[in-house]
1. Among (1) within 19 Å of the chain's Cα centre (by Cα); (2) assigned to a strand (DSSP E or B), there is one condition residue 94 misses while meeting the rest; what is its number?
2. Contact list please: Cβ distance under 7 Å, first residue in the stretch 212-224 and assigned to a loop (DSSP other than H, G, I, E, B), second residue modelled with pLDDT of 95 or more and crowded, with 18+ Cβ neighbours inside 10 Å, pairs at least six apart or on different chains.
3. Restricted to the stretch 118-151, and to residues that are farther than 17 Å from residue 69 by Cβ and free of Cβ contacts under 8 Å to residues at least 60 places away in the same chain, which residue is surrounded by the most Cβ atoms within 10 Å (Cβ to Cβ)?
4. Restricting attention to the stretch 271-297, report how many residues are surrounded by fewer than 19 Cβ atoms within 10 Å (Cβ to Cβ) and out of contact with any strand residue (DSSP E or B) (no Cβ under 7 Å at 6 or more places or on another chain).
5. Take residue 238 and tell me if it is in contact (Cβ under 8 Å) with a residue 60 or more places away in the chain, assigned to a helix (DSSP H, G or I), closer than 19 Å to residue 139 by Cβ and within 26 Å of the chain's Cα centre (by Cα).
6. Condition check: over 17 Å from residue 245 (Cα atoms) and at pLDDT 95 or above. Does residue 167 satisfy that?
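The values are calculated or read from the model by the stated rules, or taken from the named source; none is laboratory data. Not measured: the values here are computed from a predicted model. Positions of Cβ are backbone-derived with ideal geometry, glycine not excepted, and every protein chain shown enters the neighbour counts.
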């Protein structure tokens, strides 16, 4: 049993590795734009060693994210909610790499909502398990944003929004992006988009055409259109999620300062009590799962 380990957050588009102790305190970090879809011929062994080859191979490795999906290294079945640390610890899938590293893959969670539709997530639950002493309501922005509820240190329900993917598709593959120019975030344009969405969340398909029409009439600079569209899609998400979650709750946003800041801004405009959480919460979450599984002390 060790008091240090390697935490892997290996997603669709990015790779992050952390050398950490059993409390989740990070000593060293490596990141690269080599998500699971960028790994040639499924050589995950080789990709891992390219990034952490000089780290002690005797340390246990805990991995979470899309690396445990059907397109990843090892596909792990979802654990149904409600679920806590002990459930994920019991579901760990162990593997020995070609280098002799002992890797434990931590799977994701599933949830079936009242409308009967299934929902899933991988890695966001681990972030929450690293933060459940801070709040009971969490938001994890990203390609597929999650609103997650914790009760008694167990994830009981969550909802997924394809906000980041929809934004990228609208910007890159529709007429809405034709007049845009790249720019730093513009708070005024973002707030205008969020405010519009909060006032009329059901009118999303109508409202987003204003990204084009405002530019055509010279009423919004091309450099501000991306921020305005971002406000529209994030504001629509916040409006829908707020209707299904208590407005009085304390919300913690788990994300990098960039996208996390946009969510904190939008949720504040909606009247929610919200703050940033630890962007490296996944490390502490993996440490807690490893301790529960008896892999760390």
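1. (1)
2. 220/189; 220/214; 220/228
3. Applying the first criterion (farther than 17 Å from residue 69 by Cβ) to the stretch 118-151 yields 128-139, 141, 145, 147-151.
When the remaining residues are screened for being free of Cβ contacts under 8 Å to residues at least 60 places away in the same chain, the result is 132-133, 148, 150.
Values: 132: 23, 133: 8, 148: 27, 150: 23.
Ranking the candidates gives 148 first.
4. Pass one, the stretch 271-297, residues surrounded by fewer than 19 Cβ atoms within 10 Å (Cβ to Cβ): 271, 273, 275-276, 278-279, 291-292, 294, 297.
Still in the list and also out of contact with any strand residue (DSSP E or B) (no Cβ under 7 Å at 6 or more places or on another chain): 271, 278-279, 291-292, 294, 297.
Qualifying residue count, the stretch 271-297: 7.
5. Values: in contact (Cβ under 8 Å) with a residue 60 or more places away in the chain: no; assigned to a helix (DSSP H, G or I): yes; closer than 19 Å to residue 139 by Cβ: yes; within 26 Å of the chain's Cα centre (by Cα): yes.
For residue 238, the condition - in contact (Cβ under 8 Å) with a residue 60 or more places away in the chain, assigned to a helix (DSSP H, G or I), closer than 19 Å to residue 139 by Cβ and within 26 Å of the chain's Cα centre (by Cα) - is not met.
6. Values: over 17 Å from residue 245 (Cα atoms): yes; at pLDDT 95 or above: yes.
When the stated conditions are applied, residue 167 passes them.
Conditions (1) closer than 27 Å to residue 82 by Cα; (2) modelled with pLDDT of 95 or more, marked per residue:
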| site | (1), (2) |
| --- | --- |
| 122 | yes, yes |
| 130 | yes, yes |
| 140 | yes, yes |
| 146 | yes, yes |
| 155 | yes, yes |
| 177 | no, yes |
| 181 | no, no |
| 184 | no, no |
| 226 | no, yes |
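Residues are listed down the side, and each one gets a yes or a no for (1) in contact with a strand residue (DSSP E or B) (Cβ under 9 Å, 6 or more places away or on another chain); (2) over 19 Å from residue 143 (Cβ atoms); (3) touching a residue at least 40 places away in the same chain (Cβ under 8 Å):
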site	(1), (2), (3)
203	no, yes, no
208	no, no, no
227	no, no, yes
230	no, no, yes
